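Notes follow once the structure below has been shown.
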Amino acid sequence: MTVTSPAPAAIAALHTGLYIDGRWGPAASGATFAVTNPATGALLTHVADGGIDDARRALDSASRQQARWAATPPRTRSEILYRAYDLIVERADEIAAVMTAEMGKPLAEARGEVAYGAEFFRWFAEEAVRIGGDHTTTGDGANRIVVSKQPVGPCILITPWNFPLAMGTRKIGPAIAAGCTMVFKPAELTPLTALLLAAILAEAGLPDGVLNMVTTSDPAAVVGEWMSSGAARKVSFTGSTEVGKTLLRQAAGTVMRTSMELGGNAPFIVCADADLDRAVDGLMVAKMRNMGQACTAANRIFVHRNVIDEFTGKLAEQMKALVVGDGSVAGTQVGPLVEAAAVDKVTTLVDDALGRGARVMTGGVRPDGPGHFYPPTVLTDVHPDSELMRTEIFGPVAALTPFGSTESDGIDEVLTLANDTPWGLVGYAYTQDVDRADRLSDALQVGMVGINTGLVSNPAAPFGGVKESGLGREGGRLGIEEFLDVKYVARPIRGAAG
Ligand code: ADP
């Protein structure tokens with residue numbers, strides 16, 4: 001592959017070691033691994049490749065600092081988060097450039113993620129000083145029930161590559177706010193944004209040992225060490241359902257608290273009465289954000305038979321007009337997929353759908369290299385048995401299936417189709433009928449619903465799924481609760497009857 005894009009100066013200036021106990025240093029083995037640019041194949045840099053000894057050192061550091069950090073005033077924790085928020089916003093261009101270089105999303109989207117990711121720190125800066133409790137009495141009036149919240153203890157945080165900043169801040173923010181120390185393992189495809197984030201937190205005044213970060217090319221070894229140590233009290237993971245299940249099994253060994261943000265298979269439902277232009281715009285967001293590489297991506301698009309031709313035409317026009325290229329080049333709207341295996345997977349899924357009778361309205365042909373590109377693609381008449389209806393596509397492919405008939409709004413039919421999946425993260429529906437919107441919202445088996453919108457993620461909202469999409473919620477008022485244990489103290493009321 002040709003090397004065309006120079007690594008941004010920011011990458012040359014990065015700390016590329018492990019960050020443990022407030023110090024940057026190499027892996028005990030001295031090993032490193034390469035980080036490359038998916039748009040060009042160019043080598044960006046090498047980062048420390050942590051192993052089991054490093055994992056142990058990182059968790060020891062987190063364990064040592066836990067009591068002191070838990071006793072740090074909430075206002076102090078809050079102010080560190082506010083400072084980190086300010087630093088991220090100040091350095092937005094630099095962070096976005098690094099993110100685009102290692103992950104591929106267009107610069108404009110990377111800047112959007114920086115703003116979104118920073119917002120978790122501001123949100124949890126506000127939450128740190130609002131950790132409440134409860135005070136009631138027993139039914140017989142004889143005892144006080146005093147309920148307070150305490151940090152769960154050292155946490156294991158594991159993030160994916162698709163939102164390299166926001167998935168980190170969404171976990172680190174509430175952990176800091178709650179008074180938890182942590183060991184953090186970013187994805188091996190995108191460690192550079194995480195390195196910047198750790199450096200920013202240090203600059204913001206986060207005490208040594210509160211956040212310990214280990215980059216590694218062997219996640220099973222590093223995380224396995226943490227999971228079996230007994231010293232960690234919580235694991236918060238975002239990634240594939242398969243790895244999530246492994247972690248849940250490991251967590252059982254020490255009965256650890258878990259938060260799991262796993263895969264999705266989002267239905268996107270366009271009813272016959274929908275505002276079609278709005279629905280197409282919503283789908284462009286729900287499908288194309290991050291080149292389709294999001295667990296919230298619209299995966300199965302069900303369009304009422306009365307409007308599917310018009311909808312498909314409008315969608316294909318917009319998809320065809322998108323500018324595909326290196327995300328660091330101005331004007332690019334669709335970057336590469338993250339790695340070659342991702343393009344292979346999308347190609348296989350599209351071929352399977354075509355073999356079962358789907359028709360290509362635009363795209364569908366994998367270009368030659370360099371870079372891991374796949375064109376924006378619209379498939380219609382996708383058979384429900386197609387592999388891509390049961391698999392997260394994780395690419396820029398919109399798969400449309402008709403439902404309903406001229407006599408029927410098809411809501412029962414589409415709900416059966418939409419719920420016919422082990423996942424339940426998010427569902428989207430477009431309709432102008434309030435009752436229909438309520439019916440769909442109530443019956444979709446998901447943790448989040450977008451009605452007439454293609455974007456549900458927001459730091460102020462509880463993000464999370466049901467079924468095999470996960471456990472727990474991130475963001476919103478519930479986000480910090482994932483990092484707090486409830487403690488109840490019983491105290492007799494002196495002089496009470498009985
Ligand atoms: P994706 O398919 O989106 O890459 P993964 O679940 O493979 O999702 O990766 C998400 C995160 O989980 C990454 O940080 C990755 O390094 C980590 N990971 C992968 N395998 C394991 C494992 N066996 N144990 C713990 N973490 C893992």
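Here is how the numbers come out for the structure above:
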{"read-out": "In Hz, Karplus ³J(HN,Hα) per residue of segment 245-260 (6.51, -1.76, 1.60; θ = phi - 60°; x = Gly, Pro)", "value": "5, 4, 5, 5, 5, 5, 5, 4, x, 10, 6, 8, 5, 9, 10, 10"}
{"read-out": "Antiparallel DSSP beta bridges within segment 266-458, percent to nearest 5", "value": "15 percent"}
{"read-out": "Around R390: net Lys/Arg minus Asp/Glu count, Cβ-Cβ under 11 Å", "value": "-4"}
{"read-out": "Relative contact order for the chain, counting Cα pairs under 8 Å that sit 6 or more residues apart, in percent", "value": "18 percent"}
{"read-out": "Theoretical ellipticity at 222 nm over the chain - DSSP helices of four or more residues, -39500 (n - 2.57) apiece, nearest 500", "value": "-12000 deg cm²/dmol"}
{"read-out": "Net +/- balance of residues flanking L189 in space, Cβ distance below 13 Å, scoring K and R +1, D and E -1", "value": "-1"}
{"read-out": "Of all DSSP beta bridges in the chain, antiparallel share, percent nearest 5", "value": "45 percent"}
{"read-out": "For the chain: accessible area per residue (Å², 1.4 Å)", "value": "38 Å²"}
{"read-out": "Chain lengthening between I493 and I145 when straightened (0.36 nm per residue, less Cα-Cα)", "value": "124.3 nm"}
{"read-out": "Amide H partners (placed H, <5 Å) of I20, local residues excluded", "value": "G25, M213"}
{"read-out": "Sequence-distant residues sharing a close amide H with T137 (under 5 Å, placed H)", "value": "I145"}
{"read-out": "Gain on full stretching of the segment that runs from D351 to A108 - 0.36 nm per residue minus C-alpha separation", "value": "84.4 nm"}
{"read-out": "Cα gyration tensor shape of the chain, rounded if a/c is under 1.5, else prolate or oblate by comparing a/b with b/c", "value": "oblate"}
{"read-out": "Under 5 Å, built H, 5+ apart or other chain: amide partners of G427", "value": "M448, V449, G450"}
{"read-out": "Integer Hz, Karplus 6.51/-1.76/1.60 couplings in order for segment 398-403, x for Gly and Pro", "value": "9, 10, 9, 10, x, 9"}
{"read-out": "Segment 255-293 residues near the modelled T246 label - backbone nitrogen below 14 Å, point 7 Å along Cα→Cβ", "value": "none"}
{"read-out": "For the chain, with +1 on Lys and Arg beta carbons and -1 on Asp and Glu, the positive-most of N458, A42, I393 along the dipole", "value": "N458"}
{"read-out": "Derived scalar couplings ³J(HN,Hα) [segment 48-64; Karplus, 6.51 cos²θ - 1.76 cosθ + 1.60; whole Hz; x for Gly, Pro]", "value": "4, 9, x, x, 5, 4, 5, 4, 4, 4, 5, 6, 4, 4, 4, 5, 4"}
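The values are calculated or read from the model by the stated rules, or taken from the named source; none is laboratory data. Note that this is a predicted model, so its numbers are computed, not measured. In this analysis, Cβ positions are derived from the backbone assuming ideal geometry, glycine residues included, and neighbour counts consider all displayed protein chains. These accessible areas exclude ligands, DNA and RNA; they are computed on the full protein's heavy atoms, side chains included. Shrake-Rupley method; radii C 1.70, N 1.55, O 1.52, S 1.80 Å.
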